[in-house]
Structures are given as structure tokens and as C-alpha cells.
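Quick note: the coordinates plus some simple rules give every number you see, no bench work behind them. Predicted model, so just to flag it, every value in this text is computed and none were measured. A quick note on method: Cβ atoms are made from the backbone with ideal geometry, for glycine too, and the neighbour counts reach across all protein chains shown.
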Amino acid sequence: GAKAVNERYSYEIELSRNWHWMWSKFYYNKKHYGYLNAILKTLKNLISSKIKFFYYLITFNSYKRKIYQMRLYGLVNSMIGKKSYYRPKLDN
């Protein structure tokens, strides 16, 4: 994974990848199996991401905390019907 990415941008790309992974997972399940089934299939991910986010928050691990925060944001945005809008913040 991400071997072609400049090392300078690897963390931002990792955040984007996690956001889109969760957004896409819910969207796919909603599209093919319905909203309720999508909720049920991603509920484990929602709970896990929330627990890990708070764990890394209290252990001051900002690297992992931000990754799980992005997973939560991606999943919640998909659940409320927002389009896939997150893009990495790359400086030119």
C-alpha cells in the first residue's frame, strides 16, 4: 500500500484512505442491501472506531486517534447521506 505516495504526504493519504474506506463500506451496503442492513453491517465498525478513538485520545496517541476519528467521520457522513467529499490536504 501507498508505495507511489511521496513520504511527505503519507499520513494525509492514510487519513483519506480510512475516511473513504468507512464511507464506501456503508454506501455499498446501503446500495445493495438497504439502509437498515447497512447500519447493522457497519455497527461493529462504528462502535470499534469510537472505542479506539477514545482510547487513543486518553493515551495521547494523536497519530492513531486521528485515524480512528477519520473512520468515524467517514462512516457517520455516509450514514447521514452526505456525498464522499473528503480530499487529502496536500500543499503544492
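Things to note:
- Within the chain, helices built from complete DSSP H runs that reach 15 Å or longer along their own axis (Cα positions) and carry a mean Kyte-Doolittle hydropathy of -1.0 or higher are 35-58, 62-79.
- Taking 7 Å steps out from each Cα toward its Cβ at TYR33 and TYR55 produces label points 2.4 nm apart.
- Built from the Cα atoms of the range 10-49, the convex hull projects on average onto 2.8 nm², one quarter of its surface area.
- Taking the charge dipole of the chain about its Cα centre, with +1 at Lys and Arg Cβ atoms and -1 at Asp and Glu Cβ atoms, the residue from TYR73, PRO88, LEU40 reaching farthest to the positive side is LEU40.
- Note on the chain: GNM, Cα springs under 10 Å; of ILE47, ILE39, ILE80, the largest mean-square fluctuation is that of ILE80.
- Partner aspartates and glutamates for LYS41 [C-alpha distance under 18 Å; skip if fewer than 8 residues away on the same chain]: none
- Cα Rg over Rh - the chain, Kirkwood: 1.01
- Sparse-neighbourhood loop sites, trypsin sites (Lys or Arg not before Pro) in the range 1-70 - DSSP loop, at most 12 other Cβ within 10 angstrom: LYS3
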